[in-house]
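Okay, structure first, notes after.
The values are calculated or read from the model by the stated rules, or taken from the named source; none is laboratory data. Model, not experiment: these values are computed from the prediction. Virtual Cβ from ideal backbone geometry, glycine too; neighbours counted across all protein chains shown. For the accessible areas, the whole protein counts, side chains as well, though only heavy atoms, and no ligand, DNA or RNA atoms are used. Shrake-Rupley method; radii C 1.70, N 1.55, O 1.52, S 1.80 Å.
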Amino acid sequence: MLKKNLLCLFTVALLANNLYAQLTILGSSTPLTLPLDTGTIYLTDYFSSVSAIDSLGKVKGLSLTLSADKQTAKITVNPTELAFLSSLTVYSQKGNAHLLLRKSAKQNFTYSFDAKGAEYKSVQIAGDINGWTPAKTPLMFKNGKWEFTAPMNPGKYAYQLVIDGKWMLDPDNAVKTSNGSGGYNSVMQVSFGDDSKAPVLFTKSAESNAINIGTENLVSSYFVFYNNELLSESAINRNAAGMKISIPKFAFSAPSATIRVFAFNQYGISNDLNIPLQNGKIVTNATNLKRDDYHAATLYFMMVDRFNDGDKSINKPVIDERVDPKANYQGGDLKGITAKIKDGYFKNLGINTIWVSPIVQNPQGAYQEYPKPRRWFSGYHGYWPVYTTKVDNRFGDDAALMELVKTAHENNMNVLMDFVSNHIHEENPLYKSHPEWFSSMYLKDSTVNIRIWDEQRLTTWFDTFMPDIDYTKPAAVEAFSDSALYWMEKFDLDGFRHDATKHVSEVFWRALTKKMKERVVAKGSKNIYQIGETFGTRELIGSYIGSGMMDAQFDFNLYFDARPVFAGSEESFDKVAASMKETMQYYGSHSLMGNITGNHDMPRFLYYAGGAEKKGEDEKEAGWSRNIKVEDPKGYARLKMLNAFIMSIPGIPIISYGDEIGMPGAGDPDNRRMMQFSNLKPEEAAVKITTDKLVNLRRNSMPLIYGDTRILKADKDQMVFLRQYFNQTAVVVFNRSNLPSTFEIKLPDYAKTEGLKSNFGNTFKIDGNTIKITIAPLSFEILTQ
């Protein structure tokens with residue numbers, strides 16, 4: 001039975017999307033996570049014109065000072081008075097807007113290490129908390145123990161101690177996790193209070209002009225949004241079981257809109273709800289969702305040179321005996337991608353959004369990488385821009401790109417282009433004409449600033465021939481953001497994948513996003529989508545997501561937690577469940593984060609799951625020194641489970657080309673083999689059939705796209721979670737053991753079980769809200785209606 005809710009201190013805040021002519025929020029106004037103490041709110045992230053702003057309202061626990069130019073507001077936080085969620089009113093003579101503010105979850109956390117009488121000169125921590133940089137977290141010796149205290153978000157953090165320069169597991173901590181390379185790290189658990197008592201929201205039912213929302217646990221305050229438009233409290237009917245939201249009359253003339261709901265109590269913030277509307281009616285059929293509704297996106301990445309050769313007349317590999325064929329051009333091009341759109345490959349797979357690797361002109365010759373063993377490479381991958389507004393002649397020309405985008409749009413598909421904004425190639429004319437736009441390759445102490453990823457995050461060069469762009473120079477910001485807009489406006493692209501996001505200043509991302517909103521979104525033609533690539537903590541990744549920057553980033557942390565669980569047998573599904581919860585806490589329950597099957601910068605999943613990995617080996621060197629193949633056929637079953645996971649969790653599922661068939665490969669460039677479309681092994685063909693079914697199931701399931709998420713079970717070899725969207729249910733079940741397993745799944749009372757069917761051949765019975773199902777070894781099931 002559901003707990004009856006005690007509603008107190010009820011607040012309703014509804015935000016504005018089109019706030020009159022002079023105070024407009026373009027796109028969706030995302031919640032803003034506040035700093036612990038002081039910081040800045042960039043009002044230009046939300047409003048196309050800030051000149052209409054008169055003043056800012058008061059928020060308990062927050063001191064605000066509006067700048068003279070109205071572009072920013074300086075804030076000082078009093079965490080003891082600030083609520084978990086609050087709304088900031090932005091006043092204008094022509095109407096007011098509200099911005100949703102989220103209190104930082106950080107609190108001071110103290111870690112201690114008992115040396116038990118041993119004497120050490122230094123003790124440090126390296127781990128997720130500091131980018132694995134020991135110098136950032138030295139421990140102080142106090143009262144016989146080594147300690148550090150720092151503000152931290154709740155969660156689990158992998159780490160190692162570094163004692164007098166030697167890395168080791170924490171001898172006092174028995175909790176450890178795989179490091180993904182055959183070893184282990186210790187795990188630090190940071191928690192404050194009991195978040196299990198925070199509110200739980202779920203969609204109950206829809207009426208002709210209203211939405212019924214259910215709740216569990218005490219609710220102190222709600223925040224409800226229709227797009228971003230302010231409504232009166234009369235639209236909300238509060239009751240002990242939840243609330244009824246009246247859909248405003250003007251919504252029935254709006255082709256598309258969303259209702260979003262947030263809540264909190266003294267224990268924390270609820271999950272959020274995101275409900276799509278069309279002409280005032282709740283969308284209940286996924287086939288009615290438009291292609292620019294990116295919550296419904298199923299995304300496919302391809303490296304252009306390695307996908308399909310559609311025009312052999314432009315094949316021009318670098319003629320240099322020092323370049324191995326693995327590091328040279330192999331013939332893929334834009335016409336090859338267009339051909340696969342036309343022959344229905346993506347339609348059959350269920351893909352509605354493609355991401356192509358960079359297509360800008362790269363150098364004609366070879367270059368030698370700086371790190372040992374100093375191999376020679378061509379620019380087949382596209383990440384060495386010689387020109388930022390010219391199609392590489394080995395991939396095609398402007399006409400070929402226009403035909404690709406046109407064909408994709410005719411087939412109801414989006415096209416995202418990979419854009420490189422961190423660096424250029426030394427042959428780029430801009431390096432000669434504007435050397436002041438680039439950072440020095442040498443630090444002040446003469447250290448070569450190459451691949452110093454964390455300490456020199458915004459200035460480090462990726463190689464000796466790749467100058468890093470210095471975005472402290474306004475002219476550089478203007479030039480390179482205009483280059484990105486050139487592709488968007490000329491070729492009608494639908495968005496970007498941004499390379500090396502964390503190595504680029506936020507100044508650039510804000511400038512680019514503002515231009516895209518003003519020059520593309522404001523025209524009302526379509527929504528755009530920007531996803532970034534950042535390896536780092538969730539806090540760092542999240543700092544680039546918001547109304548004025550990225551829509552999302554790749555969720556590498558979730559992938560790195562899931563990979564050893566699905567690929568092996570030692571790690572528990574509890575690790576995956578905890579990681580899913582952290583992702584939703586950081587980015588929201590209905591984020592646009594990218595959930596990947598793999599990535600072109602890391603070994604293929606089957607390298608780990610298919611028995612190719614050798615303990616302690618260099619993953620890149622493995623691909624150069626031996627033929628990487630699938631040694632254990634069980635790896636294919638494990639890949640099917642991973643693909644099922646990616647297709648059934650919140651966020652955007654992203655298939656890296658070849659993962660739909662189970663291509664093998666070690667590190668770069670072995671993971672970038674030429675795509676295979678024919679002569680598949682039986683195991684590869686079976687993976688393709690399963691992946692086709694999974695992607696199409698995702699495309700056509702409202703619960704898998706917009707459903708609330710509830711993890712029902714997670715242990716060593718089993719995991720179960722529920723996706724629920726009004727009266728539509730999806731139950732996702734994983735069995736990693738080598739034997740059949742029978743599950744008895746108790747669903748919440750609000751979950752509908754009528755009409756549930758198996759999509760992958762497992763038998764089950766329903767008794768009320770209890771499902772009894774037997775899952776085959778190394779397999780999964782997704783029950784839907």
Filter the stretch 481-521 down to residues that are surrounded by 18 or more Cβ atoms within 10 Å (Cβ to Cβ) and among the acidic types (D, E) and give me whichever is farthest from H295 (Cα to Cα).
D499
I need the full set of residues from the stretch 717-746 which are within 26 Å of G635 (Cα to Cα), open to solvent by 10 Å² or more (accessible area, probe 1.4 Å) and either in contact with a Lys or Arg (Cβ under 8 Å, 6 or more places away or on another chain) or of a type in the set (A, V, I, L, M) (or both), in order please.
D717, Q718, L739, T742
Hits in the stretch 559-579 - residues which are open to solvent by 10 Å² or more (accessible area, probe 1.4 Å) and assigned to a helix (DSSP H, G or I)
F560, D561, R563, P564, A567, D574, K575, A578
Which of the numbered conditions does G598 fail, given that it passes all the others? Conditions: (1) crowded, with 24+ Cβ neighbours inside 10 Å; (2) among the small types (G, A, S); (3) outside any loop (DSSP other than H, G, I, E, B).
(3)
Residues to consider are R291, R306, R322; find the one that is within 30 Å of W461 (Cβ to Cβ), open to solvent by 50 Å² or more (accessible area, probe 1.4 Å) and not hydroxyl-bearing (S, T, Y).
R322
Contact list, first residue from the stretch 622-636 and closer than 29 Å to N738 by Cα, second anywhere and modelled with pLDDT of 95 or more and in a helix (DSSP H, G or I), beta-carbon distance below 6 Å, six or more apart or interchain, is V630/L606; P633/E683; G635/L606; G635/A609; Y636/E683; Y636/V687
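Per-residue answers, yes or no, for (1) assigned to a strand (DSSP E or B); (2) touching a Cys at 6+ places or on another chain (Cβ under 6 Å); (3) aromatic (F, W, Y):
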| position | (1), (2), (3) |
| --- | --- |
| G27 | no, no, no |
| I41 | yes, no, no |
| T44 | no, no, no |
| S51 | no, no, no |
| A73 | yes, no, no |
| L88 | yes, no, no |
| G95 | no, no, no |
| A105 | no, no, no |
| F109 | yes, no, yes |
With respect to E781, determine if the residue is part of a strand (DSSP E or B), more than 29 Å from the chain's Cα centre (by Cα) and either modelled with pLDDT of 95 or more or closer than 29 Å to G568 by Cβ (or both).
no
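State yes or no: is I541 part of a strand (DSSP E or B), out of contact with any Pro (no Cβ under 8 Å at 6 or more places or on another chain), modelled with pLDDT of 95 or more and of a type in the set (A, V, I, L, M, F, W, C)?
Working: part of a strand (DSSP E or B): no; out of contact with any Pro (no Cβ under 8 Å at 6 or more places or on another chain): yes; modelled with pLDDT of 95 or more: yes; of a type in the set (A, V, I, L, M, F, W, C): yes.
No.
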Checking the structure you have, find out if any residue of the stretch 661-683 is touching a residue at least 24 places away in the same chain (Cβ under 8 Å) and in a helix (DSSP H, G or I).
yes
Residue within the stretch 630-647 that is in a helix (DSSP H, G or I) and more than 20 Å from N735 (Cα to Cα) present:
no
Take the residues of the stretch 411-460 that are over 27 Å from F491 (Cβ atoms) and open to solvent by less than 10 Å² (accessible area, probe 1.4 Å): which is nearest to the chain's Cα centre (by Cα)?
T460
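Of everything in the stretch 130-144, what is open to solvent by 50 Å² or more (accessible area, probe 1.4 Å) and at pLDDT below 95? Give them in sequence order. Explain how you work it out, then say what you get.
Looking only at the stretch 130-144, we keep the residues that are open to solvent by 50 Å² or more (accessible area, probe 1.4 Å), and these are 132, 135-136, 138, 140-143.
Answer for the stretch 130-144, where residues must be open to solvent by 50 Å² or more (accessible area, probe 1.4 Å) and at pLDDT below 95: W132, A135, K136, K142, N143.
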From the options G662, G658, G623, G635, residue that is out of contact with any Ser or Thr (no Cβ under 7 Å at 6 or more places or on another chain) and farther than 17 Å from I689 by Cβ
G623
G524 fails exactly one of the following numbered conditions: (1) surrounded by 19 or more Cβ atoms within 10 Å (Cβ to Cβ); (2) of a type outside the set (D, E); (3) at positive phi. What is the number of that condition?
(1)
Working only within the stretch 185-212, note down all residues that are surrounded by 14 or more Cβ atoms within 10 Å (Cβ to Cβ), under 26 Å from the mean Cα position of the chain (by Cα) and either modelled with pLDDT under 95 or not hydroxyl-bearing (S, T, Y) (or both).
N185, V187, M188, V190, F192, D195, A198, P199, V200, L201, F202
Could you say whether any residue in the stretch 255-264 is over 27 Å from A644 (Cα atoms), within 29 Å of the chain's Cα centre (by Cα) and in a loop (DSSP other than H, G, I, E, B)?
yes
For the stretch 72-97, enumerate the residues that are surrounded by fewer than 16 Cβ atoms within 10 Å (Cβ to Cβ) and either more than 19 Å from S221 (Cβ to Cβ) or of a type in the set (A, V, I, L, M) (or both).
K74, T76, Y91, Q93, K94
So S547, is it small (G, A, S), closer than 30 Å to L401 by Cβ and either assigned to a loop (DSSP other than H, G, I, E, B) or open to solvent by 40 Å² or more (accessible area, probe 1.4 Å) (or both)
yes
